[in-house]
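Have a look at the structure below before the remarks.
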Amino acid sequence: MRSIDVATEMNYSKPSVSVAVKNLKSRGYITVSEDGHLHLTDEGQRIAESVYERHTLLTDWLIHLGVDPQIAASDACKMEHDITPESYEAMKKCILSILGRD
């Protein structure tokens, strides 16, 4: 996938994606091939998987609480980036127990 593909798929402006790509590249989370394709580094993959786990767990929990699935996903997206690892792990333990996944 190239930057333009991300912009189109996610409905973001090209300049916004360009800034994000530059930031991710400077942090060592992605590489960009000569033909413009984006690739996650090992560290980028690890972080992506962590964020996805947070998003999925928080979304499922909010839906379990009765929140509309679209709102739950939107709220989870906000929560997954701001919560500290310590608080997330405590919530995860509790949520998994509530959801019967422990």
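Output the number of residues of segment 38-47 satisfying the condition of being out of contact with any helix residue (DSSP H, G or I) (no Cβ under 9 Å at 6 or more places or on another chain) and not polar (S, T, N, Q).
5
Output the residue which, of all residues in segment 27-56 that are more than 12 Å from the chain's Cα centre (by Cα) and farther than 23 Å from residue 8 by Cα, is surrounded by the fewest Cβ atoms within 10 Å (Cβ to Cβ).
Restricting attention to segment 27-56, the residues satisfying the condition of being more than 12 Å from the chain's Cα centre (by Cα) are 27-43.
Now restrict to residues that are farther than 23 Å from residue 8 by Cα: 27-28, 42-43.
Values: 27: 12, 28: 11, 42: 9, 43: 12.
Per the criteria, the residue is 42.
Scan segment 57-70 and give yes if some residue there is assigned to a helix (DSSP H, G or I), in the same structural domain as residue 88 (by TED's automatic domain parsing), among the charged types (D, E, K, R) and surrounded by 12 or more Cβ atoms within 10 Å (Cβ to Cβ), otherwise no. Step through it out loud before you land on a result.
Filtering segment 57-70 down to residues assigned to a helix (DSSP H, G or I) leaves 57-64, 69-70.
From what is left, the residues that are in the same structural domain as residue 88 (by TED's automatic domain parsing) are 57-64, 69-70.
This time we only want the ones that are among the charged types (D, E, K, R), so: 60.
Pick out the ones that are also surrounded by 12 or more Cβ atoms within 10 Å (Cβ to Cβ) and you get 60.
Checking segment 57-70: at least one residue is assigned to a helix (DSSP H, G or I), in the same structural domain as residue 88 (by TED's automatic domain parsing), among the charged types (D, E, K, R) and surrounded by 12 or more Cβ atoms within 10 Å (Cβ to Cβ).
Considering only residues that are part of a helix (DSSP H, G or I) and either touching a Phe, Trp or Tyr at 6+ places or on another chain (Cβ under 9 Å) or basic (Lys, Arg) (or both), which ones fall in segment 1-26?
Of everything in segment 1-26, those that are part of a helix (DSSP H, G or I) and either touching a Phe, Trp or Tyr at 6+ places or on another chain (Cβ under 9 Å) or basic (Lys, Arg) (or both) turn out to be 6, 14, 20, 22, 23, 25.
Any chance segment 78-96 includes a residue that's closer than 24 Å to residue 17 by Cα, at pLDDT 95 or above and surrounded by fewer than 12 Cβ atoms within 10 Å (Cβ to Cβ)?
no
The values are calculated or read from the model by the stated rules, or taken from the named source; none is laboratory data. What you see is a predicted model, and the numbers here were worked out from it, not measured in a lab. No Cβ is skipped: glycine too gets one built from the backbone with ideal geometry, and neighbour counts run over all protein chains shown.
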